[in-house]
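This report concerns only the one structure given below.
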Amino acid sequence: MTARAMILFAHGARAASWAAPFERLRGLTQARLPDLDVSLAFLELMSPRLPERVDQLVAQGVADIALVPVFLGQGGHVLRDLPLMVEELKVKYPALRITVATAVGESPEVLNAMADYCAAALAPTP
């Protein structure tokens, strides 16, 4: 196994429309990384859940997964739930390499882009 993949990890919601921005983010990321499998996985309420997606990737021969939490902050899901899930996956697949990025909202670049967006909301209307 030498293949690599990236999973964008989000919370999930009951409304299917909630996932639309995450699907767009996945598509934009995939376009920047055309040789990498970029997919979404969810904590709850939506499919695939993270363990299910990892199972699928391992079955396809993936040995290295970059996991990116698309959460605004390092709250309980990222600090408690995600590490437990990753530990269970590492026990199940000891040869699998999983790296976990910090929550996307902790990135200065992301916060600056969001601040730019917020400031632009006050731009005068024509």
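Computed quantities for the displayed model
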{"quantity": "Qualifying residues in region 1-28 (those that are free of Cβ contacts under 8 Å to residues at least 24 places away in the same chain and either hydroxyl-bearing (Ser, Thr, Tyr) or in contact with a strand residue (DSSP E or B) (Cβ under 8 Å, 6 or more places away or on another chain) (or both)) - the one surrounded by the most Cβ atoms within 10 Å (Cβ to Cβ)", "calculated": "26"}
{"quantity": "Pairs, first touching a residue at least 60 places away in the same chain (Cβ under 8 Å) in region 49-73, second among the basic types (Lys, Arg) and exposed (fewer than 15 other Cβ atoms within 10 Å of the Cβ), C-beta under 9 Å, six or more apart", "calculated": "63/97; 64/97; 65/97"}
{"quantity": "Those residues of region 29-54 which are among the basic types (Lys, Arg) and surrounded by 14 or more Cβ atoms within 10 Å (Cβ to Cβ), in sequence order", "calculated": "49, 53"}
{"quantity": "In region 89-103, the residues that are under 18 Å from the mean Cα position of the chain (by Cα) and open to solvent by 50 Å² or more (accessible area, probe 1.4 Å)", "calculated": "90, 97, 99, 100, 102"}
{"quantity": "Condition broken by residue 8, with the remaining ones in (1) part of a loop (DSSP other than H, G, I, E, B); (2) within 22 Å of residue 114 (Cα to Cα); (3) in contact with a helix residue (DSSP H, G or I) (Cβ under 7 Å, 6 or more places away or on another chain) satisfied", "calculated": "(1)"}
{"quantity": "Selection count where residues are open to solvent by 80 Å² or more (accessible area, probe 1.4 Å), under 28 Å from residue 80 (Cβ atoms) and among the hydrophobic types (A, V, I, L, M, F, W, C), scope region 104-126", "calculated": "1"}
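The values are calculated or read from the model by the stated rules, or taken from the named source; none is laboratory data. Because the structure is predicted, anything quoted here is derived from the model rather than measured. Neighbour counts are summed over all protein chains in view; Cβ atoms, including those assigned to glycine, are modelled from backbone coordinates with ideal geometry. Accessible surface areas use protein heavy atoms only, side chains included; no ligands, DNA or RNA. Shrake-Rupley method; radii C 1.70, N 1.55, O 1.52, S 1.80 Å.
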